[in-house]
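Student: One structure, pasted below without further comment.
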Amino acid sequence: MQNGRRSFLGGVLAAGLIPKPTWADAGAPAYLAAAATPDGSYVLCGIGDDFNIVFELPLPARGHAAAAHPIRPEAVAFARRPGTFALVIDCVSGQIKAQLHSPEGRHFYGHGAFSQDGNWLLTTENDYEAGRGRIGVWDAAQNYKRVGEFDSGGIGPHEIKRLPASDTFVVANGGIDTHPDSGRTKLNIPTMRPNLAYFKEGEIVETATIPQDMHKNSIRHIAVSAAGSVAFGMQWQGDGHPTALVGQHQLGGDVVFAQTPENALRDMEGYIGSIAYAADGKTIAVTSPRGGKVHTYDAQKMTLRDVSDLRDVCGIAPRPQGFALTAGSGDMGYLLGKRQQLNADPQHQWDNHLVAL
Amino acid sequence: MRHFLFAAALTCLPALAIAQADDHVITDTVEQHILPRFKTLADTSQTLAATAQTDCAASSAPLRAAYSDAFDAWVAASHLRFGPTEVEDRAFALAFWPDSRGATPKSLSALIQAQDPIALDAQEYSQVTIAARGFYALEFLLYDDDLNTAGDAAYHCTLVKTVTADIAATSAAILQDWQTDYAGRMMDADTSDTYRSKDEVRQELFKSLTAGLQFTAETRLGRPLGTYDRPRATRAEARRAGRSERHVILSLQSTKDMAIHLAGSDTALAQRAAHEFDTALAQLAELDDPDFSGVDTPASRLKLEVIQQSVEAIRTLALQEIGPKLGVASGFNALDGD
């Protein structure tokens, strides 16, 4: 043992290498979240699992979500749509390591995901002259150089996730066409068709769709369980009320929608802001800032388990037990069953997503 | 004990008075703001279709006047995007704009070139792409230098008659639904399943106010403004008909009326809102730039930017003061939409 360790270290030193930091190193945050501050500026915060703020970085404009590198304590924080910047952050030091700018004729949607080996970053983008979704590919080893892109399989790709232990990615194509010349005006509501598209090596391997009578339900946010199930949250763009806002799908399977009693469903105001699986994959949690509600669902039965109130709640991420929550009011803390334990933070209006690292 | 009850009764009085007065907010907004606008839209659209039947030439003054009246009526109702306007995507069929990729001129050109017989019948025409329907398509047929004379004259005439008849049918359907069904659903919220409470009705009304203001600021003004380095005069709404500025004025006049209705018994709030609207309208009165082509010159552009800021100030007032009064969540994330 002693000898083995010594010879291993000897080898490292002989090669002139210093072991690179990993996520396990002390000081690395457990979560990332973007926020607005009282003076109107925007920041990105690293947050510890005790909900203390580990670091705070200024952002040039409003942020949205972030993608965590699978190995190094490094994350990429994205501008809110139709933003064109992303920042690569060293999550131990809180320093900016690189900046990404979307190519001419593209803007980011606010989400991205890394390949299993961490060599490639994939970003959801809008080719707005063509009105098509694109997935941009960036080489992490070359200081995040843009190396390619491919069709997202739909319009308005929003969140992208990698399935566990694979290089298969799932993209939520929200279906909504926008063009920066008209701000955030939605251009194609009558004809929108959202889908979930699965990719391997840039090729679609499967597309999951929802019934035609739900075509105005924009699939926007997704979560992936350790078993490879994909939970998705929707945003209703039609008049009146949707029949569901949450669904689940697995490669090769059928889309299953959550059963939500009508009043509880209507309380969500047609809008899911974020979605997460619990650490054990048995529970799906979704937030509605418009309704000020958190719903948890039994992921097996797809039935509503608990309803919890929190004004302007939006960010949600798994904890070893239960979920971590953030709200635009500044509240941050955890949810265990129906029980919330929150701290108010007047210095931060927490933005859309809480990203678990 | 008696003292205590008396004090409680006194302190409750103002709240009770507001609640009672604001019971009228829904009824007044529906009867005085919404129904008259859709009635005017249906009437002027009917006149437009009738005028086109006798006078379909693109340059016809009576046709253009009837078009202007009906389009005015649509803009005044264009923020009321819920219920009857959304059935079968009627509002989109009346108003397909913005058209960032030029689908309207493309689909009209294709119809004209092919002399597609679908344009022979308004009923059939409701099946064509929405980009070729409604007021913005008609603008191309009447005012675009190429499309107003494109193709066979008889076919062009038929197309104008059919598009106007389709507009009239859509507008009549919206009015009928409002009169026979939807007004009741809003005014008797407790007994309809569309809304669960009066609060939900007030929220629907409020959302249409703020969405209307946002559309005017971001799209009607934002599109031609583009960026300082790259203004985009050719993206202005209905610029061929010289209606860009007019639409901003009409939409502000109409949302002003709605904001005052929604402020209800809070006359101080109604006055503050009216003042903000009047500021923007006074700036517009001095602009004199009907098609917003002035965005290309710095001085005129600056005026338009100031107007955009004024509209955003109205929306901020609505979100911060009218929304909370009507029980609408206006949090950072609730307003995000992403």
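Student: Over 21 Å from B:H156 (Cβ atoms) and either surrounded by 18 or more Cβ atoms within 10 Å (Cβ to Cβ) or assigned by TED's automatic domain parsing to the domain that holds B:V201 (or both): which single residue out of B:T85, B:T104 fits that description?
Tutor: The conditions single out B:T85.
Student: Just one of the numbered conditions (1) part of a loop (DSSP other than H, G, I, E, B); (2) open to solvent by less than 10 Å² (accessible area, probe 1.4 Å) is not true of A:H158; which one?
Tutor: A:H158 satisfies every listed condition except (1).
Student: Please state which of the following conditions B:A238 fails to meet, knowing it meets all the rest: (1) part of a helix (DSSP H, G or I); (2) more than 11 Å from every other protein chain (Cβ to nearest Cβ); (3) touching a Ser or Thr at 6+ places or on another chain (Cβ under 7 Å); (4) over 25 Å from A:T243 (Cα atoms).
Tutor: (1)
Student: Determine if segment A:259-267 includes at least one residue that is among the polar types (S, T, N, Q), within 14 Å of chain B (Cβ to nearest Cβ) and over 19 Å from A:A33 (Cβ atoms).
Tutor: Checked segment A:259-267: at least one residue is among the polar types (S, T, N, Q), within 14 Å of chain B (Cβ to nearest Cβ) and over 19 Å from A:A33 (Cβ atoms).
Student: Please go through segment A:281-298 and pick out each residue that is under 17 Å from A:Q250 (Cα atoms) and open to solvent by 10 Å² or more (accessible area, probe 1.4 Å).
Tutor: Result: A:G281, A:K282, A:T283, A:D298.
Student: For residues that are within 14 Å of chain B (Cβ to nearest Cβ) and hydroxyl-bearing (S, T, Y), scanning just segment A:78-137, find the one that is farthest from A:F150 (Cα to Cα).
Tutor: So, considering only residues that are within 14 Å of chain B (Cβ to nearest Cβ) and hydroxyl-bearing (S, T, Y), the one farthest from A:F150 (Cα to Cα) is A:T84.
Student: Separate question: With more than 20 Å from B:V306 (Cα to Cα) and under 22 Å from the mean Cα position of the chain (by Cα) as the only criterion, which of B:Q203, B:Q214 stands out?
Tutor: Of B:Q203, B:Q214, the one residue that is more than 20 Å from B:V306 (Cα to Cα) and under 22 Å from the mean Cα position of the chain (by Cα) is B:Q203.
Student: Can you tell me which of A:F78, A:F51 is assigned to a strand (DSSP E or B) and either buried (at least 20 other Cβ atoms within 10 Å of the Cβ) or in contact with a Phe, Trp or Tyr (Cβ under 9 Å, 6 or more places away or on another chain) (or both)?
Tutor: A:F78 is the lone residue from the list that is assigned to a strand (DSSP E or B) and either buried (at least 20 other Cβ atoms within 10 Å of the Cβ) or in contact with a Phe, Trp or Tyr (Cβ under 9 Å, 6 or more places away or on another chain) (or both).
Student: Confirm whether B:I112 is of a type in the set (A, V, I, L, M), away from chain A (no Cβ under 14 Å), out of contact with any strand residue (DSSP E or B) (no Cβ under 8 Å at 6 or more places or on another chain) and crowded, with 18+ Cβ neighbours inside 10 Å.
Tutor: Here the answer is yes, as B:I112 does meet what is asked.
Student: If I go through segment A:54-74 residue by residue, how many of them are farther than 18 Å from A:I316 by Cα and either open to solvent by less than 30 Å² (accessible area, probe 1.4 Å) or within 13 Å of chain B (Cβ to nearest Cβ) (or both)?
Tutor: Residues that pass the stated criteria total 7.
Student: Scan segment B:169-202 for residues that are open to solvent by less than 10 Å² (accessible area, probe 1.4 Å) and among the small types (G, A, S) and jot them down.
Tutor: B:S171, B:A183, B:A189
Student: Here's another thing I want to ask about it. Hey, could you check segment A:190-209 for residues that are touching a Lys or Arg at 6+ places or on another chain (Cβ under 9 Å) and farther than 23 Å from A:G83 by Cβ and say which is farthest from the other protein chains (Cβ to nearest Cβ)?
Tutor: Once the filter is applied, the top-ranked residue is A:T209.
Okay, residues lined up against (1) under 18 Å from the mean Cα position of the chain (by Cα); (2) surrounded by fewer than 16 Cβ atoms within 10 Å (Cβ to Cβ):
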site	(1), (2)
B:A238	yes, no
B:A263	no, no
B:Q271	no, yes
B:A280	yes, no
B:D288	no, yes
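Student: Keeping to segment B:191-209, report how many residues are in contact (Cβ under 8 Å) with a residue 24 or more places away in the chain and away from chain A (no Cβ under 13 Å).
Tutor: Number of matching residues: 5.
Student: From A:R220, A:R184, grab the single residue that is within 14 Å of another protein chain (Cβ to nearest Cβ), open to solvent by 10 Å² or more (accessible area, probe 1.4 Å) and part of a strand (DSSP E or B).
Tutor: So the residue among A:R220, A:R184 that is within 14 Å of another protein chain (Cβ to nearest Cβ), open to solvent by 10 Å² or more (accessible area, probe 1.4 Å) and part of a strand (DSSP E or B) is A:R220.
Student: I'm trying to understand the selection: among the residues of segment A:307-336, which are buried (at least 21 other Cβ atoms within 10 Å of the Cβ) and assigned to a strand (DSSP E or B)?
Tutor: Answer for segment A:307-336, where residues must be buried (at least 21 other Cβ atoms within 10 Å of the Cβ) and assigned to a strand (DSSP E or B): A:V313, A:C314, A:G315, A:I316, A:A317, A:F323, A:A324, A:L325, A:T326, A:A327, A:M332, A:L335.
Student: Another question about this same structure. Regarding A:H111, is this residue open to solvent by less than 40 Å² (accessible area, probe 1.4 Å) and in contact (Cβ under 8 Å) with a residue 60 or more places away in the chain?
Tutor: no
Student: Condition first: part of a helix (DSSP H, G or I), more than 14 Å from chain B (Cβ to nearest Cβ) and open to solvent by less than 20 Å² (accessible area, probe 1.4 Å). Can you find one or more residues in segment A:238-247 that meet it?
Tutor: no
Student: Only one of these is more than 26 Å from A:R80 (Cα to Cα) and within 13 Å of chain A (Cβ to nearest Cβ): B:G331, B:G327, B:G337, B:G323. Name it.
Tutor: B:G327
Student: How many residues does segment B:322-338 hold that are assigned to a helix (DSSP H, G or I) and either under 22 Å from the mean Cα position of the chain (by Cα) or at pLDDT 95 or above (or both)?
Tutor: Total meeting the criteria: 2.
Student: Run A:V307 past the list (1) of a type in the set (V, I, T); (2) under 16 Å from the mean Cα position of the chain (by Cα); (3) more than 12 Å from chain B (Cβ to nearest Cβ) and report the number of the one that doesn't hold.
Tutor: (2)
Student: Please find, within segment A:273-324, the residue that is nearest to B:P324 (Cα to Cα) out of those that are acidic (D, E) and in contact with a strand residue (DSSP E or B) (Cβ under 7 Å, 6 or more places away or on another chain).
Tutor: That would be A:D312.
Student: Now, a different point. So which residues in segment B:164-190 are β-branched (V, I, T) and either in contact (Cβ under 8 Å) with a residue 60 or more places away in the chain or not assigned by TED's automatic domain parsing to the domain that holds B:T54 (or both)?
Tutor: B:T164, B:I167, B:T170, B:I174
Student: What's the number of the condition A:A317 fails, among (1) closer than 24 Å to A:E74 by Cα; (2) within 14 Å of chain B (Cβ to nearest Cβ)?
Tutor: So the condition that A:A317 fails would be (2).
Student: Can you find, within segment A:345-357, the residue that is least open to solvent (accessible area, probe 1.4 Å) among those that are away from chain B (no Cβ under 14 Å) and of a type outside the set (V, I, T)?
Tutor: Out of the qualifying residues, it is A:A356.
The values are calculated or read from the model by the stated rules, or taken from the named source; none is laboratory data. Computed from a prediction, not measured in an experiment: that's the story for all the values here. Cβ atoms come from the backbone with ideal geometry, glycine included; neighbour counts cover every protein chain shown. Accessible surface areas use protein heavy atoms only, side chains included; no ligands, DNA or RNA. Shrake-Rupley method; radii C 1.70, N 1.55, O 1.52, S 1.80 Å.
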